[in-house]
Each structure stands twice: as structure tokens, then as C-alpha cells.
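**Q** First, the structure itself, so that you have it in front of you.
No lab work stands behind these numbers, since they all come straight from the coordinates. Because the structure is predicted, anything quoted here is derived from the model rather than measured. Because the Cβ atoms are built from the backbone with ideal geometry, glycine has one as well, and the counts that use them run over all protein chains shown.
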Amino acid sequence: MERVLRQVRALHRLEPANNDHLAALRVAASVAVPSLLLLAIGRTDLTIYAVFGALTGMYGRSEPHQLRLRHQTQGALVLLGGVAVGVFLSVNHLHSWWLVAVEAVLAGVGSVYSDKVHLRPNGPFFGLLALGACASVPTVVPWYAAVSIAAGSAAFSLGVGFSGWILHRSWQRGAVRIKPAAAAPRKILVHAARYVLAVGAAGTVGVLSGSGHPHWAMAAAAVPLAGADLPSSVRRGIHRIVGTFVGLAVTAVALLPGPWTLAGLFPGQQAVLLALLVILFQFTTELFMTRHYGFAMVSFTPVILLMTQLAAPMDPALLILERAVETLVGALVGIGVVGLVRRAGPRTLTTLPGRSLLLRLPRRPRH
């Protein structure tokens, strides 16, 4: 009972602050400048590419400048790879089962890469999110233009992350990040297989349900896999569900028509308003990302939906409903895969710090 109570208390525990406002300001600036440039030329529909490039700033948040530059570059590769593949699928009208197959395979590839370089935030989640989001909206500019916007935004984000060096000129020779013990190749491959299984299963359910956004289920399924152990994986899944649902209520205030919503209060200015809200919500997302994942999702959910609405407007009520259903399905599938793979067969899989997996074989009887 005490263990259960500890896990319940952990659901709403807010971790101590660690200069989170500085990291949030860097990410907000990285998102704001390219987004405002697109707003100035009347192309808010391209904001989605700029924002995914700018999420480069979420990596290496508390590291010295040379380490931040290295790890943000590694994060940029994940994000730009997701954008590029998503744009390719969109341009060639490869959706539905194509999207599920490609994203499931790249989930495994991204898992191996992120485990090798010890990405923080953990795992390939943001690359998968970029892939699915860019694949789900029509590419209204040449493919190279869309990818260039993301790459330019990522480059600007790298510059913002490194800009503090100009003021402090602090360069630590030989600085290295303390890493967890290197995982055995077998453990890395097992972890990658969990990503493939979870993302593929969630995408399959999303397609069979007739949803227009199965990539949301796939992204949600990847969230619990970043947990260090089963309890933390379950907490991340619950945070994803509850945080998303609260975030959908915030999104409804921004998108739904009505006298008391922002769309009703500022008619004719919706594109401008949504672009500004994306910047604001990305700041509050990063403010809580390492302190409480559920609180971060309250802000990050509007970011994703507002970008999607700017790129490909649709009935906001349907957009919100599909996000709710796909998130619930995906998070539950992800939690299920974490529990299932740990207990599958005569061998059990136990997680260690750093998201590695340890394969324990049953002991042979002594003779």
C-alpha cells in the first residue's frame, strides 16, 4: 500500500526549479523570431516547420555551451530528419498505412540513435512528432522550402543556445557530460523493438479507427517508453493523458467559435492570434518540461493543435476530439507495451537508470 501511495504522490509532485526560466526564454526566442518573420510576410501556414526546427533549443538545456552546442546539434538531426521524412510523405501523398510503417521503423532507428548519444529529452519522441505532423498537412511550398525553413530555424536555435558564450566566454576544456554506463547492444535493440511495437500498434489502431491523425496515437505511444522504470513509465502515460485533456480545454478557448472564446473576441485576426499563442505556450511548455510532464502537456497540446490549424484548417471541434481519442489510445498502448515486454516469456526485462534494459535469464538448477 505504501508503494502505491508513493506513486500516487509522485503523480502531482513538482520537481525543484533549476533555472528553467532561462531555458524557456531561449526556446521561446528560438520559436518567436522565425514565427514572427513568417507572420510578417503573411505565411503563418508555414509556422509548423519553423517551430519544429526551433525545438532544437529543448536539448542540452543545463549544459556548458560547448556541450549544449554538440547535443543540440544531435537533437536537430532528429528533428530535421522527422521534418524531411514527413514532408516527403506529404508531397508524395503517402498516408495511412505508409505513415504507420515508416514512423514505426524510424521510431526504432531513432531509439537506437538517442540511446547511443544519450539524448536529453530522452528518446525519439520529438522527431516522431515532427514526422507525423508534417506528413499530415499538405505541403503548400516546394519540399526544399519547407525543409529549409526548419533547418534555418534549427540553426537560429543553435545560435541562441550558444549566444551566452559571448557574454560569459566560459569554455571548459575537455568538458564532458556524465553519462550512464554504456548499454549493451542487445539492450539497445530490445528497447528499439519496444518503440517499433508500441508505435506500430498505436498507429494501426489509429488507422483502423478512421482518424485523420493516427500520428498523434503513435507519438503518445512513445511517451511511456522514455520512463526509467515501469512506475515512471505509467506516470508519464498518465501525465500525457491528463495534461493533454486539460490542454484541449485551453485549445477550445482559442479555436472554438463563441462569444467568450478568442476566436469570437478577435474575429478576422485568428491567424495572428494563433501564431502569437504558439510562442507563448512554447515558453510555458519549457518552463515545466523537466519539473512536471503533465503541466508541460497543458501548454504543449495547444502548440501542436494551433500549428496544425494554421497549416491545414479544419473543424476545431473534430480536431480536439480526434486529439483526445488518439492520445488516450496511444498512451494506453505505450503503457501496455512497457508492461508486456517486461513480462513476456520466461525471461523478464527490467529497466535501469538511463532507460536501458537488462535481460535476466532464469537461473539454471545446480547439479
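**Q** Determine, at each q value in 0.19, 0.28, 0.32 (inverse angstroms), the log₁₀ of I(q)/I(0) that the Debye formula gives when each Cα of the range 48-90 is one equal point scatterer.
**A** Debye curve over Cα of the range 48-90, log10 I(q)/I(0) at q = 0.19, 0.28, 0.32 Å⁻¹: -0.55, -0.90, -1.04.
**Q** Report the net charge of residues surrounding Thr308, where surrounding means a beta-carbon distance below 13 angstrom and charges are Lys +1, Arg +1, Asp -1, Glu -1. Spell out each step's value before the answer.
**A** Working: positive: Arg323; negative: Asp45, Asp315, Glu322, Glu326.
That works out to -3.
**Q** When you take every Cα atom in the range 1-85, what is the radius of gyration, and what is Dmax, the widest Cα pair distance, in Å?
**A** Answer for the range 1-85, Rg first and Dmax second: 17.5, 59 Å.
**Q** Once you order the gyration tensor axes a ≥ b ≥ c over the Cα atoms, which shape class does the range 222-281 get: rounded for a/c under 1.5, otherwise prolate or oblate by comparing a/b with b/c?
**A** Values: a/c = 5.50, a/b = 2.78, b/c = 1.98.
Note, shape of the range 222-281 comes out prolate.
**Q** What list do you get for Thr56, Thr251 if you sort them by fewest beta carbons within 10 Å? Kindly include the intermediate steps, with their values, before the conclusion.
**A** Values: Thr56 30, Thr251 24.
With the fewest neighbours first, Thr56, Thr251 line up as Thr251, Thr56.
**Q** Dividing the convex hull volume of the Cα atoms of the range 244-342 by its residue count, what figure in Å³ per residue is obtained? Mind showing how you got there, number by number?
**A** Working: hull volume 10.0 nm³, N = 99.
Per residue, the Cα convex hull of the range 244-342 comes to 101 Å³.
**Q** Continuing with this model, one more query. Between Leu94 and Leu36, what is 0.36 nm times their sequence separation minus the Cα-Cα distance? Round to one decimal in nm.
**A** 17.8 nm
**Q** Can you tally the net charge around Leu328? Count Lys and Arg as +1, Asp and Glu as -1, for every other residue whose Cβ sits under 13 Å from the Cβ of Leu328. Spell out each step's value before the answer.
**A** Details: positive: Arg240, Arg323; negative: Glu322, Glu326.
So the surrounding residues net to 0.
**Q** Can I ask one more? The range 60-143: D in µm²/s via Stokes-Einstein (Kirkwood Rh, Cα pairs, 10 °C, 1.306 mPa s)? Present the calculation step by step, with values, prior to reporting the outcome.
**A** Details: Rh = 13.3 Å.
Value of D from the Cα-based Kirkwood radius: 119 µm²/s.
**Q** Related question: When all alpha-carbon pairs of the range 180-310 are counted, what percent fall beyond 25 Å?
**A** 38
**Q** Can you quote the Å³ per residue value for the convex hull of the Cα atoms in the range 1-145, rounded to an integer? Each step should come with its number before you reach the end.
**A** Numbers: hull volume 22.9 nm³, N = 145.
It is 158 Å³ per residue.
**Q** Sort Tyr144, Tyr49 by Cβ crowding within 10 Å, fewest neighbours at the top. Present the calculation step by step, with values, prior to reporting the outcome.
**A** Numbers: Tyr144 11, Tyr49 32.
Going from least to most buried by this count: Tyr144, Tyr49.
**Q** Hey, what D do you get for the range 186-255 in µm²/s if you plug the Kirkwood alpha-carbon radius into Stokes-Einstein at 4 °C and 1.567 mPa s? Let's see the in-between values first.
**A** Numbers: Rh = 13.3 Å.
Taking Rh from Cα pairs, D becomes 97 µm²/s.
**Q** Right, here's the next one. What order do you get for Tyr195, Tyr113 when you list them from fewest to most C-beta neighbours inside 10 Å? Walk me through the numbers on the way to the answer.
**A** Numbers: Tyr195 30, Tyr113 20.
Taking fewest neighbouring Cβ atoms as first place, the list is Tyr113, Tyr195.
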